[in-house]
Amino acid sequence: MRYTDACVYPHPLGDSSLRRMALEAGELGFDSVVAVGAAGATIRGVEIVGGTLLQGRDPREVQAAVRRFGQGSAIPMVNAGDYTFNRAILHIGGIRVLRDIQSSPRNSFDHILSRTAAERQVAVDLDISPLVRGRNYVRQKTLHRYADLVRLQSRFEFPLVISSGARSILEMKSPRDMVALCRLFGLDEEGVGQALMGISRLLHPEKPVEVVE
Amino acid sequence: MKPRPPTMREKRRYILVRLDPPSLDIDGRDLYYAIGESLTSLYGDCGMARIQPSVVSFGQGYAIIRCTRSTEGQLSTGLAAVNQVQEKNVAVRSIRTSGTMRSLRQHLEGVKGSNPAGEQDVQFQGRSFTAVMYQGTKVDLFEKGFKNQELLFLTEDDLEE
């Protein structure tokens, strides 16, 4: 069982150093974190997985960026856009996580893209930070979008991951807190557990035949 | 007035929470208002009336929050959604839920150890900070100055680099 916080932003993107975030993640009950802009390492038993966050309006730009930055061990993640953009992104090889769907236009991720994400094993990220920082319309919209994603995921079974989106150790959440917050949009404890193991499954997919010895 | 018999009293649940950073200067009332604001924005006034949150114990970076039985899940969600107290960034981390305060206090005796171990002045990236050191390797840096003071969370290794 490997619980991973799928996206944190260490210093200088946030106010906490990578080492401190790793310490905090270990205390909160995580085995690994995906840190944007950091290289892979292991700090006090917590595995740091590098993450590359890509954003662009044109899928071709993103494809070029994936070629440039996505060759290493870092996980390439792309911020979602409109429907056409998302469809193109899901067909680009090398993209592992589609995130920030709550900020994208309505109907930008439907049942067809859900099926594509499942076939191509591209994970969809549920960022907890808008539920904590947001109020009124922002939070309501996020809850609605996440509830829709959970419904689609239960039908099409594309990989789901959960991130705290933390720019500070104060914004990092324990698995227990994530379960409490995910209950708001209908993801149960088992679903949260599966989603927290989502990055581990992306990095080490189960093979039909495995050599044990 | 005669006290109500125990069987007719409302059943309660208690949640032990840890506040980060522990060196922050806030009191129980501030925490209560922050929890109330968070719960009201999530569940509305009806939910708040059902949960009846109350800060029953507060100090040294820990607090015990009371609620009515069967609403502890909603209270945990509300606590996880608190990000500011008196406009200061904090994290309220729920640790354990129990039916009595005594068991939480017993648990607290075993987990305590996040009190600041000392303070000193340091220079980091060309700026002056007051460093609050904790047991282990954690260091919180509070920038010196009158306004826009930055708060950084580092480790001793980060300071040495």
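The values are calculated or read from the model by the stated rules, or taken from the named source; none is laboratory data. The structure displayed is predicted, hence computed values, not measured ones. Every residue, glycine as well, gets a Cβ built from its backbone with ideal geometry; the counts of neighbours run over all protein chains shown. Surface areas here come from the heavy atoms of the whole protein model, side chains and all, with no ligands, DNA or RNA. Shrake-Rupley method; radii C 1.70, N 1.55, O 1.52, S 1.80 Å.
Enter the buried accessible area of the A/B pair, total of both sides, probe 1.4 Å, in Å² rounded to the nearest 100. Walk me through the intermediate numbers first.
On the way: alone 11370 and 10210 Å², together 18920 Å².
Roughly 2700 Å² of accessible surface disappears when A and B pair.
Calculated FRET efficiency, B:SER128 and A:ARG57, Cβ-Cβ r, R0 45 Å, to nearest 0.05?
Details: r = 42 Å, r/R0 = 0.94.
The calculated FRET efficiency here is 0.60.
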Rounded to the nearest 10 Å², what accessible area does B:TYR43 have for a 1.4 Å probe in the complete protein model?
60
Could you give the size of the charge dipole of the protein assembly as shown about its Cα centre, using +1 on the Cβ of each K and R and -1 on the Cβ of each D and E, expressed in debye and rounded to the nearest 20?
1460
Going down the table (A:LYS141/B:LYS88; B:LYS88/B:LYS147; A:LYS173/B:LYS88; B:LYS88/B:LYS144; A:LYS173/A:LYS207), which pairs top 24 Å between alpha carbons?
A:LYS141/B:LYS88; A:LYS173/A:LYS207
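Starting from region A:175-212, pick out the GluC sites (Glu not before Pro) whose DSSP state is loop and whose Cβ has at most 14 other Cβ atoms within 10 Å. Don't skip to the end; give the middle numbers.
Values: sites: A:GLU189, A:GLU190, A:GLU206, A:GLU210; in loops: A:GLU206, A:GLU210.
Within region A:175-212, the qualifying GluC sites (Glu not before Pro) (loop, at most 14 other Cβ atoms within 10 Å) are A:GLU206, A:GLU210.
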Taking loop as defined by DSSP and a crowding limit of 16 other beta carbons within 10 Å, which trypsin sites (Lys or Arg not before Pro) in region A:5-49 fit?
A:ARG44
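Roughly how many debye, to the nearest 20, is the charge dipole of region A:4-203 about its Cα centre, given +1 on each Lys and Arg Cβ, -1 on each Asp and Glu Cβ, and no other charges?
Working: 25 positive and 21 negative charges, 92 e Å.
Computed about the Cα centre, the dipole is about 440 debye.
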Order B:THR137, A:THR142, most accessible first, counting only protein heavy atoms with a 1.4 angstrom probe.
B:THR137, A:THR142
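Counting other C-beta atoms within 10 Å, and keeping those with at most 15, which DSSP coil trypsin sites (Lys or Arg not before Pro) do you find in region A:75-128? Display every interim value, and only then the final one.
Numbers: sites: A:ARG87, A:ARG96, A:ARG99, A:ARG106, A:ARG115, A:ARG120; in loops: A:ARG96, A:ARG106.
For trypsin sites (Lys or Arg not before Pro) across region A:75-128 that sit outside H, G, I, E and B with at most 15 neighbouring Cβ atoms in 10 Å, the list reads A:ARG106.
Which whole-number value in Å² is the accessible area per residue of the protein assembly as shown, probe 1.4 Å?
Working: 18920 Å² over 374 residues.
Accessible surface, normalised per residue, equals 51 Å².
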In region B:80-119, accessible area falls by at least 30 Å² from chain alone to full assembly (1.4 Å probe) for B:ALA80, B:ALA81, B:ASN83, B:ARG93, B:SER94
Quantify, in whole percent, the carbon and sulfur part of the accessible surface of region B:9-111 (1.4 Å probe; protein heavy atoms only).
41
For chain A, whose charge dipole is built from +1 on Lys and Arg Cβ atoms and -1 on Asp and Glu Cβ atoms, the candidate among A:VAL8, A:HIS91, A:VAL150 with its Cα farthest towards the positive end is A:HIS91
What accessible surface, in Å², does a 1.4 Å probe find on A:PHE109, ignoring ligands, DNA and RNA and rounding to the nearest 10?
10
Evaluate E = 1/(1 + (r/R0)^6) for A:PHE69 and B:TYR33, where r is the Cβ-Cβ distance and R0 equals 45 Å; express this FRET efficiency to the nearest 0.05.
0.50
B:THR71 accessible area, 1.4 Å probe, all protein chains in place, Å² to nearest 10
10
Counting only the backbone N, which residues of region A:97-118 are under 18 Å from the spot 7 Å out from the Cα of A:THR84 toward its beta-carbon?
A:104-110, A:113
